[in-house]
1. From the list Val35, Val64, Val96, Val39, pick out the single residue that is at pLDDT 80 or above, outside any helix (DSSP H, G or I) and out of contact with any Gly (no Cβ under 9 Å at 6 or more places or on another chain).
2. Just checking: which of the helices (runs of 4 or more DSSP H) contained wholly in the stretch 151-237 hold 2 or more residues that are touching a helix residue (DSSP H, G or I) at 6+ places or on another chain (Cβ under 7 Å), in contact (Cβ under 8 Å) with a residue 40 or more places away in the chain and more than 30 Å from Arg281 (Cβ to Cβ)?
3. Scan the stretch 244-258 and give yes if some residue there is under 18 Å from Arg144 (Cα atoms), modelled with pLDDT under 95 and not β-branched (Val, Ile, Thr), otherwise no.
4. Scan the stretch 10-32 residue by residue and report those that are of a type in the set (A, V, I, L, M), part of a helix (DSSP H, G or I) and buried (at least 17 other Cβ atoms within 10 Å of the Cβ).
5. Does Ser197 satisfy the condition of being polar (S, T, N, Q), in contact with a strand residue (DSSP E or B) (Cβ under 8 Å, 6 or more places away or on another chain) and over 18 Å from Lys268 (Cα atoms)?
6. Regarding Gly312, is this residue at pLDDT below 95, touching a Ser or Thr at 6+ places or on another chain (Cβ under 7 Å) and either buried (at least 18 other Cβ atoms within 10 Å of the Cβ) or not charged (D, E, K, R) (or both)?
7. Is it true that Leu71 is surrounded by 15 or more Cβ atoms within 10 Å (Cβ to Cβ) and either outside the structural domain of Ala33 (by TED's automatic domain parsing) or modelled with pLDDT under 95 (or both)?
8. State yes or no: is Asn129 surrounded by fewer than 18 Cβ atoms within 10 Å (Cβ to Cβ), closer than 30 Å to Leu286 by Cα and in contact (Cβ under 8 Å) with a residue 60 or more places away in the chain?
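The values are calculated or read from the model by the stated rules, or taken from the named source; none is laboratory data. All values derive from a computational prediction rather than experimental measurement. Using ideal geometry, Cβ is built from the backbone for each residue, glycine included, and neighbour counts are taken over all protein chains shown.
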Amino acid sequence: MTLSHLNALQALEATLRLGSFTAAASELGVTPAAVGQRVRTLEDYLGTELFLRTPSGIRPKDDVLSVEALLTNSFSGLADAMSDLRNRNPGSRLSVTLPSSFVENWLTSLLSDFYQRHASVDLRLDASNRDVNLANEDFDFAVRYGAPPKGRLESVELFADHLLPVCSPGFARQYVADPAARSLEDIPLIHIANRTSDPSWVGFDGWGLTFGFDPQHLDHGVHFTKVSSGLQSAIAGQGLVLCGLVEAFNAIHSGLLVAPFGPTLNCKTEGLYRLLWVPDRPMGRLQLDFKEWLLEKASAFSRATETFFGEG
């Protein structure tokens, strides 16, 4: 069995134990469709169906039920082993998984301050938006954007986000002569693919509709799948990019980017950035300090964004 099937086995174990893809999805923090896909991947690998699909739901086959206890005990044993290793070797290691855009455009500039407090820290940052099960993976914390976490996790809010268009100062002078205009015709646009399930995370079409822009000129331009690529393109003067303030703020603060239509033309998101951790897992001094430090930085950022919007 290859390591790539652990997520599929975990989905199978949770479905057997809880009785449905929906209940398993709630515990794992993913969608029911994702759980179903993982189970189907495992079925393809094994060459046999594990569940009977009926109009009333799914029903596990008898031979699958016979391994339910083995799966549950195995994943419980993995969690116990990870906890035991963590408690025996707390050391100076700190491991955090965070969205790649959050690390690259918000956190990185702040890390020198944390290193001044903990010069010998062995900091491991997993820049990823993938599904992570904190109970079974070797992370002290996760930062994730979206709705409150489901399942057995503790969390604390960091901040919300605001979507607004930004560009380089030179681009603004050339293409946005009148900030009161409500058309993006002839303005090169930079689109960033939506990587969240938050319905309030809008693109140029949703932002333009909110503020009365001509809908015929909101879909042209270049499309990027990565936030950092879109931001770098905007900094280079290649277009107007719609992105989250969390990602653009440092570039705005340094003068690399400006909000040519003013800061008030922003769409606040419903989703929030949150710090997550497993509640029953003991924290050492390093983990407690990181949590306190990140909350301090989040509070300072919230105050800075209030000032930014107040200047509009």
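1. The match here is Val96.
2. Output list reads 227-235.
3. No, there is no match, as no residue in the stretch 244-258 is under 18 Å from Arg144 (Cα atoms), modelled with pLDDT under 95 and not β-branched (Val, Ile, Thr).
4. Ala11, Leu12, Ala14, Leu16, Ala24, Ala25, Leu28
5. no
6. yes
7. Working: surrounded by 15 or more Cβ atoms within 10 Å (Cβ to Cβ): yes; either outside the structural domain of Ala33 (by TED's automatic domain parsing) or modelled with pLDDT under 95 (or both): yes.
It is true that Leu71 is surrounded by 15 or more Cβ atoms within 10 Å (Cβ to Cβ) and either outside the structural domain of Ala33 (by TED's automatic domain parsing) or modelled with pLDDT under 95 (or both).
8. yes
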